[in-house]
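Undergrad: Before we start, here is the structure in question, set down as structure tokens.
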Amino acid sequence: MLVVFKSKVAGDIYMYEENAKPILELLGKEFKQGIITAAETGEAIAKLEAELARRKDQEAHDRAEREAKMLEENDALGGRDKYQPVTPEPVSFTARTYPLLEMLVLAHKKGQDIVWGV
């Protein structure tokens with residue numbers, strides 16, 4: 001299911017339910033339908049930025065662990081350059097959240113609301 005965030009200050013943002021739900025829970029909002037009023041945007045920005053900073057550190061740690069594991073596996077092969085399938089990195093919470101954060105900043109500057117599920 002798609003969640004569509006709408007505001008008069010930016011184009012619509014489409015997110016899958018599984019990606020929008022943690023963001024909305026962090027902001028204390030209902031998932032199916034809701035509003036972030038212009039008055040709430042400042043607090044929402046602060047919450048998202050704090051969570052993004054926390055997760056950015058965690059994502060860097062996870063990436064370092066994956067790289068160390070790949071080096072270990074390469075050493076186990078005797079350091080030979082063997083073909084190792086590359087697994088794509090998942091799209092991070094930070095990357096998924098950034099468009100909504102931009103919308104929040106614009107909505108805050110221009111005193112507009114953000115709605116979804118309407």
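The values are calculated or read from the model by the stated rules, or taken from the named source; none is laboratory data. This structure is a prediction, so every number in the text was calculated from the model and none was measured. For neighbour counting, all protein chains shown are included, and Cβ atoms are generated from backbone atoms with ideal geometry for every residue, glycine included.
Undergrad: Hey, can you tell me all the residues within the range 1-34 that are within 17 Å of D113 (Cβ to Cβ), out of contact with any Leu (no Cβ under 9 Å at 6 or more places or on another chain) and assigned to a strand (DSSP E or B)?
TA: Within the range 1-34, V4, K6, G11, D12 qualify.
Undergrad: How about the range 33-70: which of its residues are over 21 Å from S92 (Cβ atoms) and surrounded by fewer than 11 Cβ atoms within 10 Å (Cβ to Cβ)?
TA: Here is the first cut: in the range 33-70, the residues over 21 Å from S92 (Cβ atoms) are 33-43.
Listed by number, the list holds a single entry, A39.
Undergrad: Please find, within the range 1-38, the residue that is modelled with the lowest pLDDT out of those that are among the acidic types (D, E) and more than 15 Å from the chain's Cα centre (by Cα).
TA: If we filter the range 1-38 for residues that are among the acidic types (D, E), which is where we start, we get 12, 17-18, 25, 30.
Checking which are more than 15 Å from the chain's Cα centre (by Cα) leaves us with 12, 30.
Details: D12: 97, E30: 92.
Looking at the filtered set, the residue picked out is E30.
Undergrad: Moving on to the next point. With the requirement that a residue be polar (S, T, N, Q) and either in contact with a His (Cβ under 6 Å, 6 or more places away or on another chain) or within 17 Å of E102 (Cα to Cα) (or both), what does the range 1-54 give you?
TA: The answer is S7, N19, T37, T41.
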